[in-house]
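None of the figures in this text is laboratory data; all of them are computed from the coordinates on show. Every value quoted in this text rests on a predicted model; they were computed, and no experiment measured them. Cβ: placed from backbone, ideal geometry, glycine included. Neighbour counts: every protein chain shown.
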Amino acid sequence: MAMESEWVTADMVEASEFAELSDRYQVYAVPLTVANDRVRVEGGMQEPMFIPRILQGIGLQVDSPFAKQD
Amino acid sequence: MALLKDSDREQLRQEFSQLESPVKLVFFTQALNCDYCPLTQQVLEELAGLSDKIQLVIYNFAIDQEQVTLYKIARVPAVAVVRVETQTVDGVVTTREHDYGIRYYGVPAGYEFGAFVNDIFDVSRGESGLSVQSKALLAQLTEPLHLQVFSTPT
């Protein structure tokens with residue numbers, strides 16, 4: 001995703017090595033994706049679901065058939 | 001002692017021979033209070049030793065403030081995975097870094113190791129591998145999106 005938009009930055013965080021950060025985001029299960037500090041997507045998810053979920057979560061009106069499923 | 005097994009090393013060496021553009025691994029470390037910095041450095045050194053296309057540069061998080069700011073590094077150990085692009089204009093070769101904003105915080109080991117190696121390939125090719133639909137969606141972004149993906153080694 002970071003490669004496809006200059007607006008996107010992607011941090012891969014080793015949860016067990018950064019306890020403070022994991023506490024702050026209440027990481028109880030992995031993978032956990034946190035977008036813009038507030039949108040949480042838990043577990044693995046297929047790309048056609050994941051990306052619209054994230055974009056919708058941050059308030060972007062996404063034009064995609066997948067986006068209407070939630 | 002080497003972290004990578006000989007068989008893995010040989011397989012990676014062969015795979016890395018397919019790399020296109022060079023990839024720079026910009027590593028941030030510090031001497032004190034960083035339990036996982038030495039291990040991360042060893043992983044990166046072993047990877048960089050497998051291909052001329054993988055460059056490793058090392059900065060000190062506590063000292064190299066300019067680089068910390070440039071790469072927007074939040075904590076250590078950190079690795080920025082950056083594409084090195086070469087351009088020839090009128091016979092003059094210039095290189096520039098293409099920083100996609102990909103960062104690894106912590107040791108790229110276990111499950112993360114595979115993801116890390118895949119990212120090296122994607123960055124080298126300059127191709128995310130996402131679907132046309134996904135690319136179209138992401139192209140609609142007009143504001144910052146900061147993703148933090150938490151995982152564990154197993």
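Annotations
- Using C-alpha pairs below 8 Å separated by at least 6 residues, the relative contact order for the range B:1-77 is 40 percent.
- Residues whose amide H comes within less than 5 Å of that of A:ILE58, counting only those at least five positions distant or on another chain, are absent (H built at 1.01 Å from N in the peptide plane).
- From phi via Karplus (6.51, -1.76, 1.60), per-residue ³J(HN,Hα) for the range B:96-105 in Hz, x at Gly/Pro: 9, 8, 10, 9, 7, x, 9, 10, 10, 10
- Chain B: DSSP helices with Cα axial extent of at least 20 Å and average Kyte-Doolittle hydropathy no lower than 0.0: B:111-125
- Applying the Karplus relation 6.51 cos²θ - 1.76 cosθ + 1.60 with θ = phi - 60° to the range A:12-29 yields 3J(HN,Hα) values of 9, 10, 6, 4, 6, 8, 10, 4, 4, 5, 5, 5, 4, 9, 6, 7, 9, 9 Hz, where x marks Gly and Pro.
- Each stretch of four or more DSSP H residues adds -39500 (n - 2.57); spread over every residue of the protein assembly as shown, this sum gives -9000 deg cm²/dmol at 222 nm.
- The spacing between the range B:50-88 and the range A:27-56, judged by their C-alpha centroids, is 27 Å.
- Computed over chain A: relative contact order in percent, which uses C-alpha pairs under 8 Å that are six or more apart: 16 percent
- Dipole size of chain A about its Cα centre, with +1 on Lys/Arg Cβ and -1 on Asp/Glu Cβ: approximately 320 debye, rounded to the nearest 20.
- Cα centroid separation - the range B:120-150 against the range B:7-44, whole Å: 23 Å
- Chain A, Cα convex hull volume normalised per residue, Å³: 103 Å³
- Degrees between helix A:47-57 axis and first principal axis of chain A (Cα, 0 to 90, nearest 10): 80 degrees
- At an R0 of 22 angstrom, the distance between the Cβ atoms of A:ASN36 and B:LEU70 translates into a FRET efficiency of 0.50.
- A simple charge model with +1 on the Cβ of Lys and Arg, -1 on the Cβ of Asp and Glu and nothing else charged puts the dipole of the protein assembly as shown at about 300 debye relative to its Cα centre.
- Rounded to whole Hz, the Karplus (6.51, -1.76, 1.60) HN-Hα couplings of the range B:90-95, x for glycine and proline: 6, x, 9, 8, 10, 10
- Extension gain, B:ASN33 back to B:VAL132 (0.36 nm per residue minus Cα-Cα distance, nm): 31.3 nm
- Relative to the Cα centre, the charge distribution of the range B:65-131, modelled as +1 at Lys and Arg Cβ and -1 at Asp and Glu Cβ, gives a dipole magnitude of about 200 debye.
- Cut-off 14 Å between beta-carbons: net charge of the residues surrounding B:GLY126, Lys and Arg +1, Asp and Glu -1: -3
- Trypsin sites (Lys or Arg not before Pro) lying in DSSP loop within the range B:50-118, provided at most 14 other Cβ fall within 10 Å: B:LYS72
- Long-range HN-HN contacts of B:LEU56 with modeled amide H, under 5 Å: B:LEU25
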